[in-house]
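K.L.:
Below is a structure I'd like to ask you about.
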Amino acid sequence: MWRSGEPSECCCHARGMDLNEFPETLGARAPNGNDPRIDGLVPSLVLEPEDGAATAEALTLCHQESMGVIPIGGGTRLELGNVPSRLDAYLMTSGLKGIEIDEHIPGDFTMAVRAGTTLGETQRYLKEFRQYVPLDVPHPDEATIGGIFALGEPGQRRRPGARPRDLLLGFEGVLADGTPFKAGGRVVKNVAGYELMKLFVGSAGTLAVMTRAFLRLRALPEEVTTVVIQARRPRAVAAAWRELRNLPLAPEMAVALSPTYAESHGLHEWNLLLRFEGLHEETRGALHDVRQRFDAEVLPDDRNLWDAIRDFPKSDAALVLRGQAAPARTIPLAESWQDGGALIAYPDTGIVYSQTTDPEALSDRRARAEENGAAVVIEKAPLEMKRELDVYGETPGGYEIMRRIKEKLDPKNILSPGRFVGKI
């Protein structure tokens, strides 16, 4: 039986390195009580390089000593991924902060930002220019630009054009052996024949460390409107989405809430939330189109609700799963998972998030996902469970290509070793 509890402490020691061997610019220190644990593992070395050059120097030294290194930005998603096969050092990007004001070109809707800068700080700066980065990821005041693109998760905005890979014009980074590189965007320079910009997004810190990013921006909408459609049965939610997804002004965000989750926010039954953004005439027109078809209610103060959905799941959940189905199977998958826990579903992409306090629910949820042709990623689970399985599920068809790319770009396997798909 799986039992949740405190992870056991385990310290992996840096291989023959002494703090005095590291230049001051690398910010080398011993870990302290404020540093995170990853699956019970604590390294014996923490590096906080002050810029891109220092990041390259830090990785060069770690590569020479074959040290297992995990890059850390805001630390908001450290529970995601397999148990590291080894951990000798953290590479913190907290020294890589700052918005490059001279590189922000409002008329072109582009900007440059250092990878350790949080999304929240970036949005606050851009608000003065009536612009923003169209990403809504959990805990934006802690999540860093580098971490967001390393994970490649779209957050709430799941329409084409609002995914991380759509918003990254280019970036600068450092490979595992300390080699600096530039990819995409303003400077096109690929390494070893690989398109590093496409490879990096979603690689979970296993291929490179981002130091600087060039981003595509949007204008802030003139008006934002959220409407909610309630239904007793999830199939009615699916039917409503099929009818509304192709409105002249498509919803910027669309999410279905299970009754268990909806009740925690003063709603009842199944709910389909649609968020429209645009000019006043556009959002009014979208609201009219929805109300012609369904009994829809406007939520006047919707930001708190969307923030809560964005930050789902809560930290007290023992088991958090992410299901990926074909869009047409989103609601059937959500319906099959609704017993025993709160969940939210994104009907336009087939993604369903489920949380429960019962880790024993895993086998049942996986079986029901298989019935709906869905894959399952374990985002959070008790440590003893994670040690015995691959949280990403069955090895995908492209695994061999992924393994060969990892071997080519990180032959010593020092970056986030064992954390990714297939325990790469």
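K.L.:
Could you size up the charge dipole of the range 103-237 around its Cα centre, putting +1 on the beta carbon of Lys and Arg and -1 on that of Asp and Glu, and report it in debye to the nearest 20?
P.N.:
On the way: 19 positive and 14 negative charges, 121 e Å.
It works out to roughly 580 debye.
K.L.:
Counting alpha carbon pairs within less than 8 Å and at least 6 residues apart, what relative contact order, in whole percent, applies to the range 214-368?
P.N.:
Averaging sequence separation for qualifying contacts and normalising by length gives 26 percent for the range 214-368.
K.L.:
GNM on the chain, C-alpha springs below 10 Å: top fluctuator among Asp390, Asp307, Asp108?
P.N.:
Asp108
K.L.:
Would you mind checking which residues have amide H under 5 Å from Gly393's amide H? H placed 1.01 Å from N; only 5 or more apart, or other chain.
P.N.:
Distant-sequence amide H within range of Gly393: Ile378.
K.L.:
Hey, another quick one. Once phi is turned into θ = phi - 60°, what whole-Hz ³J(HN,Hα) does the Karplus curve with 6.51, -1.76 and 1.60 give for every residue of the range 372-381, x standing for Gly and Pro?
P.N.:
9, x, 10, 9, 10, 10, 8, 8, 8, 7
K.L.:
Apply the Karplus parameterisation 6.51 cos²θ - 1.76 cosθ + 1.60, with θ equal to phi minus 60°, to every residue of the range 292-308 and state each ³J(HN,Hα) to the nearest whole Hz, in sequence, with x for glycine and proline.
P.N.:
5, 9, 9, 7, 10, 10, 7, 9, x, 10, 9, 5, 4, 5, 5, 5, 5
K.L.:
Now for a separate question. For the range 62-107, what is the convex hull (Cα atoms) projected area averaged across all directions, in square nanometres?
P.N.:
5.5
K.L.:
Using the Kirkwood radius over Cα pairs, work out the Stokes-Einstein diffusion coefficient for the range 161-293 at 37 °C and 0.692 mPa s, in µm²/s as a whole number. Before the final figure, lay out the partial values.
P.N.:
Numbers: Rh = 18.0 Å.
Translational diffusion coefficient: 182 µm²/s.
K.L.:
Over all distinct alpha-carbon pairs, what is the Kirkwood Rh of the range 287-424 in angstrom?
P.N.:
Across the range 287-424, the inverse of the average 1/r is 17.2 Å.
K.L.:
For the chain, what is the Kirkwood estimate of the hydrodynamic radius, computed as the reciprocal of the mean inverse distance between distinct Cα atoms, to one decimal in Å?
P.N.:
22.6
K.L.:
Among Ala112, Ala342, Ala239, determine the one that fluctuates most according to a GNM of the chain built with springs between C-alpha atoms less than 10 Å apart.
P.N.:
Of the options given, Ala239 has the highest mean-square fluctuation.
K.L.:
Amide H of Arg212 versus every other amide H placed in the peptide plane: which residues, excluding those fewer than 5 positions away on the same chain, fall under 5 Å?
P.N.:
Ala115, Glu172
K.L.:
Take every Cα pair under 8 Å in the chain that's 6+ residues apart, average their separations, divide by the length, and report that relative contact order as a whole percent.
P.N.:
Details: 919 pairs, mean separation 71.3, N = 424.
This gives 17 percent for the chain.
K.L.:
Same structure, new question: Across the chain, how many lysine pairs, 8 or more positions apart or on different chains, have C-alpha atoms separated by under 15 Å? Please give the number. Please list the in-between numbers first.
P.N.:
Values: Lys182/Lys198; Lys189/Lys198; Lys198/Lys406; Lys314/Lys380; Lys386/Lys423; Lys406/Lys423; Lys412/Lys423.
Close lysine pairs under the 15 Å cut-off: 7.
K.L.:
Quick one: check the C-alpha center-to-center distance for the range 318-392 versus the range 394-424, whole angstrom.
P.N.:
If we compute the Cα centre of each part, the gap is 24 Å.
K.L.:
Relative to the longest principal axis of the chain, what angle (0 to 90°, nearest 10) does the C-alpha long axis of helix 52-64 take?
P.N.:
Tilt relative to the chain: about 60 degrees.
K.L.:
Continuing with the same structure: Viscosity 1.002 mPa s, temperature 20 °C: give me the Stokes-Einstein translational D for the range 90-244 in µm²/s, with Rh taken as the Kirkwood radius over C-alpha pairs.
P.N.:
Translational D for this selection: 127 µm²/s.
K.L.:
Same structure again: Under a 10 Å cutoff between Cα atoms, tell me which one of Leu135, Leu305, Leu362 has the largest fluctuation in the Gaussian network model of the chain.
P.N.:
Its mean-square fluctuation being the largest, the pick is Leu305.
K.L.:
Volume per residue, Å³, of the convex hull around the alpha-carbon atoms of the range 319-386?
P.N.:
67
K.L.:
Translational D (Stokes-Einstein, µm²/s) of the range 223-310 at 4 °C and 1.567 mPa s when Rh comes from the Kirkwood sum over C-alpha pairs?
P.N.:
Value of D from the Cα-based Kirkwood radius: 100 µm²/s.
K.L.:
For Val42, which sequence-distant residues (separation of 5 or more, or a different chain) have an amide H within less than 5 Å of its own amide H, given hydrogens modelled in the peptide plane?
P.N.:
Here Cys10, Cys11, Cys12 satisfy the definition.
K.L.:
Placing unit charges on C-beta atoms (Lys and Arg positive, Asp and Glu negative, everything else neutral), compute the dipole magnitude of the chain about its Cα centre in debye, rounded to 20.
P.N.:
So the dipole magnitude of the chain works out to roughly 1100 debye.
K.L.:
Another one. Sort all Cα-Cα distances of the range 101-148 into consecutive 10 angstrom bins from zero, then give the percent of pairs in each bin up to the one containing the longest distance.
P.N.:
Going out from 0 Å in 10 Å bins, the range 101-148 shows 27, 59, 15 percent.
K.L.:
Using a Förster distance of 41 angstrom, determine the FRET efficiency expected from the C-beta separation of Asp35 and Arg293, and round it to 0.05.
P.N.:
0.20
K.L.:
For the residues Arg284, Arg233, Arg114, what sequence is obtained by ranking on other C-beta atoms within 10 Å, fewest first?
P.N.:
Fewest to most other Cβ atoms nearby, the residues stand as Arg233, Arg284, Arg114.
K.L.:
Let me ask you something else. So between Ile101 and Arg404, what do we pick up on full extension, going 0.36 nm a residue minus the alpha carbon distance?
P.N.:
105.2 nm
K.L.:
Still on this structure: I'd like to know how the range 355-424 sits against the 2.2 N^0.38 Å rule of thumb: what's its Cα Rg over that expected value?
P.N.:
Here the Cα radius of gyration is 1.29 times the empirical estimate.
K.L.:
Compute the Kirkwood hydrodynamic radius of the range 63-139, taking the inverse of the mean of 1/r over all pairs of distinct Cα atoms, and give it in Å to one decimal.
P.N.:
Computed over the range 63-139, the radius equals 14.8 Å.
K.L.:
Nearest 10 degrees is fine. How inclined is helix 234-244 to the longest principal axis of the chain, computing both from alpha carbons?
P.N.:
90
Only the coordinates and a few stated rules stand behind these numbers; no lab work does. The structure displayed is predicted, hence computed values, not measured ones. Positions of Cβ are backbone-derived with ideal geometry, glycine not excepted, and every protein chain shown enters the neighbour counts.
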